[in-house]
Amino acid sequence: MPHPDPGSFRDPASHVVLDEGRVVRLLDERGLAGWSALSQTAFFARATADGRLIETKEIPTDDSTSAGALEHPRIPFVSYPYEWTFSMLKDAALLQLDLLVEALAEGLTIKDATPFNIQFVSGKPVFIDIGSFEKYSPGEPWIGYRQFTRQFLFPLMLRAWAGLPYQPWLRGQMDGPTAGDMKRILPLGKRMRASTMLHVSLQASMEERMSGAAVRNELKTAGFNADLILANVRKLRKLVTSLEWDPSGEGWVEYQRCDHVGRDRQAKGDFLQSALEAHGPERVLDLGANDAYFSELAANRGALAIAVDGDEEVLDAVYRRGSSVSIVVGDLTNPSPSQGWAGMERPGLDQRAAPDLVVAYGLIHHLIYTASIPPQSVIDWLASYQCPVVVEFVDPGDEMVAKLTANKTEEELHTGRTRPEFERLVAGRFRTVETSELGDGVRVLYRLVPV
């Protein structure tokens with residue numbers, strides 16, 4: 001039975017329903033008029049062909065409350081802006097601006113300017129909200145400008161100019177920081193730039209003086225037209241392009257150069273290949289993926305690979321090298337929950353990932369020793385995916401464990417850390433079908449299947 005997509009309800013002109021794997025967009029009269037105008041443009045065909053716009057076809061509908069219907073391919077894995085790296089958000093912002101320029105050239109505009117209307121497919125940003133396009137009314141300002149600044153520009157400025165991660169802000173407040181917030185946060189030198197005066201200081205003053213509707217009316221009275229919008233968009237594009245993030249080695253970008261990583265990588269890869277061949281998974285969730293080496297092994301065998309790591313710098317490098325894996329920046333001790341309206345608008349990470357194979361290399365010792373998660377809880381968590389798991393156990397005598405526990409006493413550590421204890425815990429939730437010792441045996445790989 002068709003059921004509404006819980007994340008598509010805010011626009012009365014266009015909303016999505018899911019019907020046995022099909023993605024159908026239902027339109028009212030206004031939405032149908034926008035689609036009719038869009039479908040006749042040259043840029044729509046061009047942007048669809050080059051993958052910047054989601055594929056769309058008009059279909060008949062028997063829904064009596066709708067004027068028309070469209071069908072789209074299903075997005076393999078949905079991610080959210082608070083899970084993206086800096087370069088991903090930047091590329092999404094440039095896509096939004098470029099499509100707006102092309103739309104204005106053919107008499108259309110984009111009424112929304114939110115990164116939630118963009119998804120990443122095979123490592124490329126794709127604009128998915130076809131219902132956002134509508135005919136441009138002469139004299140109207142770009143109504144999506146304020147939304148663009150709050151959800152694209154200001155988060156990018158936070159990272160590039162203030163060195164602050166924007167992901168927690170977007171996760172906690174979907175609308176993003178206000179101009180007033182940015183005016184208080186940005187360093188003095190950045191606040192004095194002409195671009196900041198225009199997009200931050202001026203907008204902050206308008207926020208203080210009037211409501212959003214009043215701002216729109218004032219801009220319309222000022223005589224806005226498509227040429228003025230285009231000039232503003234081109235300046236915005238230049239500004240966004242200029243924003244660069246210098247993480248200065250904040251994360252684990254050199255991880256692959258560690259002795260044990262280089263020594264064990266081939267063996268881990270071979271072990272994973274055996275699991276991929278045995279189980280033939282369609283969706284692989286790589287937890288603690290680091291540079292996504294193992295995610296890419298899965299992707300090369302045709303699986304949808306989801307690489308999750310808390311290190312934005314490392315994952316940004318993965319994205320910039322053109323990897324096709326799905327990237328998620330996230331703390332595995334505090335993953336993205338289900339949130340938004342009624343707690344269902346944006347499903348949690350585990351619900352969206354829905355893997356049929358989990359990879360947990362170089363991970364669980366960090367959870368146990370750094371985050372102080374009890375080993376039993378770690379095993380229960382892995383078992384909650386209800387699918388085969390490839391996991392690396394690290395003995396307490398390993399040199400990395402020694403570093404992680406340098407400031408902890410034995411009394412401060414949980415039980416269940418030795419190999420015999422680990423195997424007893426595993427036996428309660430899994431059946432071990434394959435093992436492989438690495439090096440001198442302080443690291444052991446396990447292939448587990450649920451019991």
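The values are calculated or read from the model by the stated rules, or taken from the named source; none is laboratory data. Please read all numbers here as calculations on a predicted model, not as lab measurements. Cβ coordinates were reconstructed from backbone atoms using ideal geometry, including for glycine residues, and neighbour counts include every protein chain displayed. For the accessible areas, the whole protein counts, side chains as well, though only heavy atoms, and no ligand, DNA or RNA atoms are used. Shrake-Rupley method; radii C 1.70, N 1.55, O 1.52, S 1.80 Å.
The aspartates and glutamates within cross-link reach of K238, meaning a Cα-to-Cα straight distance under 14 Å and a gap of 8 or more places when in the same chain, are D91, D98. Judged by the mean number of other Cβ atoms found within 10 Å, the most tightly packed of the peptides 38-45, 400-407, 95-102 leads the ranking 95-102, 38-45, 400-407.
Between S205 and S324, residue separation times 0.36 nm minus the direct Cα-Cα distance comes to 38.6 nm.
Using only side-chain charges placed at the Cβ, +1 for Lys and Arg and -1 for Asp and Glu, the dipole size of the chain relative to its Cα centre rounds to 1360 debye. Placing Y319, Y293 in order of accessible area, with the largest value first and a 1.4 Å probe, yields Y293, Y319.
Please report how far the C-alpha centroid of segment 55-114 lies from that of segment 1-54, rounded to the nearest whole angstrom. Centre-to-centre distance over Cα atoms comes out at 8 Å.
How large is Rg over Rh for segment 114-162, taking Rg from the Cα atoms and Rh as the Kirkwood inverse mean of 1/r across Cα pairs?
Working: Rg = 13.6 Å, Rh = 12.9 Å.
Radius of gyration over Kirkwood radius for segment 114-162 works out to 1.06.
For a straight C-alpha distance cut-off of 25 angstrom, the lysines reachable from K57 (same-chain residues fewer than eight places away being disregarded) are K111, K124, K135.
Per atom type, segment 391-437 shows carbon and sulfur on 46% of its accessible surface, probed at 1.4 Å.
Can you give the FRET efficiency for M192 and S338, using 1/(1 + (r/R0)^6), R0 = 51 Å, r = Cβ-Cβ distance, to the nearest 0.05? Efficiency, rounded to the nearest 0.05: 0.75.
Hey, any idea what % of segment 99-212's accessible area is carbon plus sulfur with a 1.4 Å probe?
Here it works out to 56 percent.
Where both bridge residues fall in the chain, DSSP classifies roughly 70% of the beta bridges as antiparallel. Per-residue Karplus couplings for segment 285-295, computed as 6.51 cos²θ - 1.76 cosθ + 1.60 with θ equal to phi - 60°, are listed in order as 9, 9, 8, x, 6, 6, 7, 6, 4, 6, 4 Hz, Gly and Pro entered as x. Counting 0.36 nm for each residue step from F9 to R234 and taking away their Cα separation leaves a gain of 77.9 nm.
At q = 0.13 Å⁻¹, what is the log10 ratio I(q)/I(0) for the chain, with the Debye formula run over Cα points and no solvent? Log10 of I(q)/I(0), two decimals: -1.19.
Calculate, for E434 and D246, the FRET efficiency according to 1/(1 + (r/R0)^6) with r their C-beta to C-beta distance and R0 41 Å; round to the nearest 0.05. It comes to 0.45. Once the 1.4 Å probe is applied to the protein heavy atoms, segment 1-125 comes out at 42 Å² accessible per residue. Shown here: segment 340-384, whose C-alpha atoms stretch 36, 23, 16 Å along the first, second and third principal axes, sorted largest to smallest. Per residue, the Cα convex hull of segment 258-312 amounts to 73 Å³.
Entry comment: accessible area of segment 151-214 is 45 Å² per residue, from protein heavy atoms only and a probe of 1.4 Å. Per residue, segment 278-347 exposes an accessible area of 38 Å² to a 1.4 Å probe, with every protein chain left in place. In the chain, a dipole from Cβ-located charges (positive for Lys and Arg, negative for Asp and Glu) runs towards its positive end, and of V389, S436, A162 it is A162 whose Cα lies farthest in that direction. Between K57 and D395, the contour length at 0.36 nm per residue exceeds the alpha carbon distance by 116.1 nm. Once you order the gyration tensor axes a ≥ b ≥ c over the Cα atoms, which shape class does segment 103-220 get: rounded for a/c under 1.5, otherwise prolate or oblate by comparing a/b with b/c? Cα axes put segment 103-220 in the oblate bin.
Relative contact order of the chain, taken over Cα pairs closer than 8 Å and 6 or more residues apart, is 12 percent.
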